[in-house]
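Accompanying notes for the structure given below.
The values are calculated or read from the model by the stated rules, or taken from the named source; none is laboratory data. None of the values given here were measured: they were computed from a predicted structure. Ideal geometry is used to build each Cβ from the backbone, glycine not excepted, and the neighbour counts take in all protein chains shown. Surface accessibility is based on the protein's heavy atoms, side chains included, excluding ligands, DNA and RNA. Shrake-Rupley method; radii C 1.70, N 1.55, O 1.52, S 1.80 Å.
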Amino acid sequence: MAGLTMTKNAVVTGAAGFIASHLVDLLLDKGFSVIGIDNLRTGSIQNLVEPLKNSNFQLLKEDICNKRFPDLVKEDIDVIFHLAAISSVLLSVENPILVNDTNVVGTVNVLEMARKHDVERFVLSSSAAVYGNPESLPVREETALNPLSPYAASKISAEMYSISYGNLYGMTPIIFRYFNVFGPRQENSEYSGVIPIFINQGLQNNDITIEGDGRQTRSFIFVNDVVEATYLGSQLNDASGQILNLSGTDSIRILDLARLIKNRIPDSTSNIVHRDAREGDVKDSIGSMERTSEVLGFSPTVPFESGLDRTASWYRSHLD
Ligand code: UD1
């Protein structure tokens, strides 16, 4: 493993969002000075209550699609973590233009900011959705890409733009392909991940809604593991130019997830029901973590069920 670099000024896009707000916490703990940028469309200021008390943190309320975005920050920037995105497959099928604007045009704007600041590191949070339904699992990073939704296509484009900026300007990106990330602060709406939806349905005694037969599988990784690995990637010279999966280690059927969550809420009167499968849905998704553990020396540390307990108790204490 190569030596550590001393990057100190970080920009985090999407800072008020689920994953990025945890990354902000971690960077501040490590002594970074952090500029968070967020348009607060889906992100919540509540996620930044602690950082906003810290003099090493400032929040800029700005949209990455804004033409003036590349010139927004006047301070020096060592590293940019680009997490601002629309993360919903469903919304991308309903509104592909909005998703393209945010995830593709927005990424080019953030890359322009990176180029103008001559950043040492550009870290892109991409998605396992880029693989579609691969022939073999767990899927490895060199597997051919196959977008099944506009969301997946937008993430492939964001990756390609990042690589092109690396080739042109030498700011070699680190690309993380996140699998299904879960944990406290994940938004609960029809466009959010399945875990917050199921937990909140269970807590509110509503039907737990499985899309399709529920035999599709996912591999969930707890948010603290994700931000730890993302940070490590930004600090290691060997990670530069790498594309790395961040996946959980177990495959879970959505049907079993529904049962697991219902059992964790013993007083819930929810029923598990089925509705139509989702357009553009991936059937099975789990990533190989071989390259990630080689490059970063990292493996996930939070067992799925304990992550689920931490998440459920967070939602319990945040019910309106
Ligand atoms: C998720 C992330 C995406 C990320 C990708 C990486 C969200 C919203 N999506 O997509 O950003 O890039 O992982 O792999 O966080 N389901 C139900 N009932 C529901 C909701 C969902 O059965 O009420 C099913 C879906 O049909 C799907 C599975 O649960 O089969 C997972 O859905 P979701 O949590 O939305 O995640 P992905 O589409 O895998």
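Among rounded, prolate and oblate, which fits the stretch 104-246 when a ≥ b ≥ c are the square roots of the eigenvalues of its C-alpha gyration tensor, a/c under 1.5 means rounded, and a/b larger than b/c means prolate?
It is prolate, given that a/c is not under 1.5 and a/b is the larger ratio.
If you take every residue apart from R140 with its C-beta less than 10 Å away from the C-beta of R140, what net charge results, scoring Lys and Arg +1 and Asp and Glu -1?
-2
Could you tell me which of rounded, prolate or oblate describes the stretch 218-267, using a ≥ b ≥ c as the square roots of the eigenvalues of the alpha-carbon gyration tensor, with rounded for a/c under 1.5 and, failing that, prolate when a/b is larger than b/c and oblate otherwise?
prolate
Grab the other residues whose beta carbon is less than 11 angstrom from that of L72, score K and R as +1, D and E as -1, and report the net.
Summing Lys and Arg as +1 and Asp and Glu as -1 gives 0.
Residues with beta-carbon under 10 Å from that of I272, excluding I272: net charge, scoring Lys, Arg +1 and Asp, Glu -1?
Overall, the nearby charge balance is +1.
For E94, what accessible surface area do you get with a 1.4 Å probe? Give it in Å², rounded to 10.
110
For the chain, compute the number of Lys pairs whose alpha carbons are separated by less than 17 Å, excluding pairs fewer than 8 positions apart on the same chain.
Eligible lysine pairs with Cα atoms under 17 Å apart amount to 7.
Explain nothing, just the number: dipole magnitude of the stretch 139-259 about its Cα centre with +1 on each Lys and Arg Cβ and -1 on each Asp and Glu Cβ, in debye rounded to the nearest 20.
Once rounded to the nearest 20, the dipole reads 60 debye.
Determine ³J(HN,Hα), in whole Hz, for all residues of the stretch 11-26 in sequence, where each value follows from phi through the Karplus function 6.51 cos²θ - 1.76 cosθ + 1.60 and θ = phi - 60°; x replaces Gly and Pro.
Per-residue couplings from phi come out as 10, 10, 8, x, 4, 8, x, 4, 6, 4, 5, 5, 5, 4, 3, 5 Hz.
If you find the alpha carbon centre of the stretch 225-241 and of the stretch 247-293, how far apart are they in angstrom?
27
Take Y161, Y315, Y231, Y191 and sort them by solvent-accessible surface of the protein heavy atoms, 1.4 Å probe, largest at the top.
Ranking Y161, Y315, Y231, Y191 by accessible area, largest first, yields Y161, Y191, Y231, Y315.
Return the FRET efficiency for the residue pair N167, R68: r is the Cβ-Cβ distance, R0 is 41 Å, and the value is rounded to the nearest 0.05.
About 0.95, to the nearest 0.05.
So how exposed is T301, as accessible area in Å² (1.4 Å probe, rounded to 10)?
Roll a 1.4 Å probe over it and T301 shows about 100 Å².
For the chain, which whole-number percentage of the solvent-accessible area (1.4 Å probe, protein heavy atoms only) is attributable to carbon and sulfur atoms?
47
Under 8 Å for C-alpha pairs, at least 6 residues apart: give me the relative contact order for the chain, rounded to a whole percent.
That works out to 19 percent.
Past the 23 angstrom mark, what percentage of all C-alpha to C-alpha distances in the chain do you count?
55
Could you list which residues have their amide H under 5 Å from that of I208, counting only those 5 or more apart in sequence or on another chain, with H placed in the peptide plane?
N271, I272, V273
Mind jotting down the distance between the C-alpha centroids of the stretch 81-96 and the stretch 132-172, whole Å?
15
What number comes out for accessible area per residue over the chain if the probe is 1.4 Å? Units Å², please.
I get 43 Å² per residue for the chain.
Across the stretch 258-266, in residue order, what do the Karplus-derived ³J(HN,Hα) couplings come to in whole Hz, using 6.51 cos²θ - 1.76 cosθ + 1.60 with θ = phi - 60° and x for Gly and Pro?
Once θ is set to phi - 60°, the couplings for the stretch 258-266 become 4, 5, 4, 5, 4, 5, 7, 10, x Hz.
Comparing L60, L48, L23, which has the greatest mean-square fluctuation in the GNM of the chain with Cα pairs linked when under 10 Å apart?
L60
Amide H of S127: which non-local residues (sequence gap of 5 or more, or other chain) have their own amide H closer than 5 Å, using H built in the peptide plane?
Those lying under 5 Å, H to H, from S127 are Y178.
In a GNM of the chain with a 10 Å cut-off on Cα contacts, which of D281, D207, D225 has the highest mean-square fluctuation?
D207
Suppose R0 equals 22 Å. What FRET efficiency, 1/(1 + (r/R0)^6) with r the Cβ-Cβ distance, do D250 and E294 give to the nearest 0.05?
0.60
In whole Hz, what ³J(HN,Hα) sequence does the stretch 94-99 give by Karplus (6.51, -1.76, 1.60; θ = phi - 60°), x for Gly and Pro?
My calculation for the stretch 94-99 gives 6, 9, x, 6, 4, 5 Hz in order.
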